Amino acid sequence: SAWIRQGEIAALEIPCEPFSASLFRAMLRRLRSYSGDAPEVFLPKVIELCRSAGVAVVFVPALPKAGVHAATFWMGGRAVIQLNTGYRNNDQLWYALFHGAAHVLYHGRKDVFIEEKNRSVDREEEADRQACSLLIPLSEYTDFAATRIPTTKDIRAFAAEVGIAPGIVVGMLQRDELLPLNHRNALKVRYKEGALLPHSETRR
């Protein structure tokens, strides 16, 4: 509750436009192309593009022993996607962001979705599926994943074709148990400690 309250306070500082599902989908498509960039490049774009569609994306440092990684909820007419600052690889962060986006687009406004603690397993699984399809078109991903264990060259070519970071393709293949967890991890972008801290804190 304390962690979510911090997210509520941070979200109120973001001047969101009225929520638009169609515009939010369009912003998500644009954001995918920044998934291989460094945080100082993509963080302002994530916040600005989502804000323009009525969604406040906030990064809040985790509280000790809280065990909460992400949350999605509504405050009045705006949606809030709250992420902690401990994500170290781009596949984990972007999957969490798009998982929250799936909750915003496909689930009700009255519930608070807390990653790993929400009791609605069905809706969490649905959000997982929708997050994957928002990141990579399902038909294209299915065709690519069905061929063979992909090489580094295969993954880079496919990622360029669909317009997303290669590390996210690796993460999805590993999550679906189509690629061993110790394969192709060099394609993931690793963030430095503190890279996802809120701007106000990084400037101190």
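The values are calculated or read from the model by the stated rules, or taken from the named source; none is laboratory data. Every value quoted in this text rests on a predicted model; they were computed, and no experiment measured them. Quick reminder, even Gly has a Cβ in these numbers, built from the backbone with ideal geometry, and neighbours come from all protein chains shown. These accessible areas exclude ligands, DNA and RNA; they are computed on the full protein's heavy atoms, side chains included. Shrake-Rupley method; radii C 1.70, N 1.55, O 1.52, S 1.80 Å.
Of the conditions (1) within 22 Å of residue 179 (Cα to Cα); (2) part of a helix (DSSP H, G or I); (3) open to solvent by 20 Å² or more (accessible area, probe 1.4 Å), residue 124 satisfies every one except a single condition; which number is it?
(1)
Here are some residues: 23, 63. Which one is farther than 30 Å from residue 174 by Cβ, surrounded by fewer than 20 Cβ atoms within 10 Å (Cβ to Cβ) and among the aliphatic types (A, V, I, L, M)?
Answer to the selection: 23.
Can you find even one residue in the range 27-36 that is surrounded by 14 or more Cβ atoms within 10 Å (Cβ to Cβ), in contact with a Ser or Thr (Cβ under 6 Å, 6 or more places away or on another chain) and at pLDDT 95 or above?
no
When you go through (1) open to solvent by less than 10 Å² (accessible area, probe 1.4 Å); (2) touching a residue at least 40 places away in the same chain (Cβ under 8 Å); (3) closer than 30 Å to residue 186 by Cβ one by one for residue 81, which number turns out not to apply?
(2)
Read through the list (1) out of contact with any helix residue (DSSP H, G or I) (no Cβ under 8 Å at 6 or more places or on another chain); (2) crowded, with 17+ Cβ neighbours inside 10 Å; (3) charged (D, E, K, R); (4) under 26 Å from residue 166 (Cα atoms), then give the number of the only condition that residue 91 fails.
(1)
Could you list, in sequence order, the residues of the range 121-161 that are farther than 23 Å from residue 103 by Cα and either among the hydrophobic types (A, V, I, L, M, F, W, C) or touching a strand residue (DSSP E or B) at 6+ places or on another chain (Cβ under 6 Å) (or both)?
Once the filter is applied, which keeps residues that are farther than 23 Å from residue 103 by Cα and either among the hydrophobic types (A, V, I, L, M, F, W, C) or touching a strand residue (DSSP E or B) at 6+ places or on another chain (Cβ under 6 Å) (or both), the range 121-161 yields 144, 145, 146, 149, 155, 157, 158, 159, 160.
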